Every structure is written in structure tokens, then in C-alpha cells.
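The values are calculated or read from the model by the stated rules, or taken from the named source; none is laboratory data. If you're wondering where the values come from, they're calculated on a predicted model, not measured in any experiment. Note: ideal-geometry Cβ built from the backbone for every residue, glycine included; neighbour counts use all protein chains shown.
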Amino acid sequence: MKFGKYFKKNLLEEWKYFYIDYKKLKKTLNESNSVVFYNLINLELLKLNDFIKLIKYYENVDLKKVSNFLVLNYMALFKSIKKT
């Protein structure tokens, strides 16, 4: 299974807006220069950081879900950067 399909299949619907936009990263990598790509990565990392700051304030958060969220985003970032 290609990673893009794996990523889409395994994301949590309630947090879908906080995931890294893997499809956009891949598209930007193919169409733009590296500066634009790395700026987009920085924006995506800021989005992740905002989510982590937000989730700290909730008491009944399933840590397994948070862990899976972080791992999936890490994999998306790693695979994107590896393609450069």
C-alpha cells in the first residue's frame, strides 16, 4: 500500500484538520523549489505544535490516539523530507 493511501486510511476523523497535509507537501515538492517546500514544512510543524498545545488542556484524551496521531505525522514528514 502506498503511504498516501495508508495515511488517509489511518487518520482520525475528529482531528483531520490538525494532520500534516501530506498530499500538499508532495505536490509542492514536485512543482516548486526547495525553499517553498521547507516553508510549507515549517507551517505544517506550527500546526502540529498548536494541536499539541491545545490537547494538553483536555483531561480525557486517549493517549493511544495521540500517540498514533504523532507517529502518523512523523512518518508523513519523514517521507516528505526523504524525497528531497
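The residue that is nearest to the chain's Cα centre (by Cα), among those in the stretch 60-84 that are surrounded by 11 or more Cβ atoms within 10 Å (Cβ to Cβ) and among the β-branched types (V, I, T), is V71. Across the stretch 18-49, the number of residues qualifying as touching a residue at least 24 places away in the same chain (Cβ under 8 Å) and either aliphatic (A, V, I, L, M) or surrounded by fewer than 17 Cβ atoms within 10 Å (Cβ to Cβ) (or both) comes to 8.
Given the criteria assigned to a helix (DSSP H, G or I) and at pLDDT 90 or above, does L77 qualify? Taking the combined requirement at face value, the residue satisfies it.
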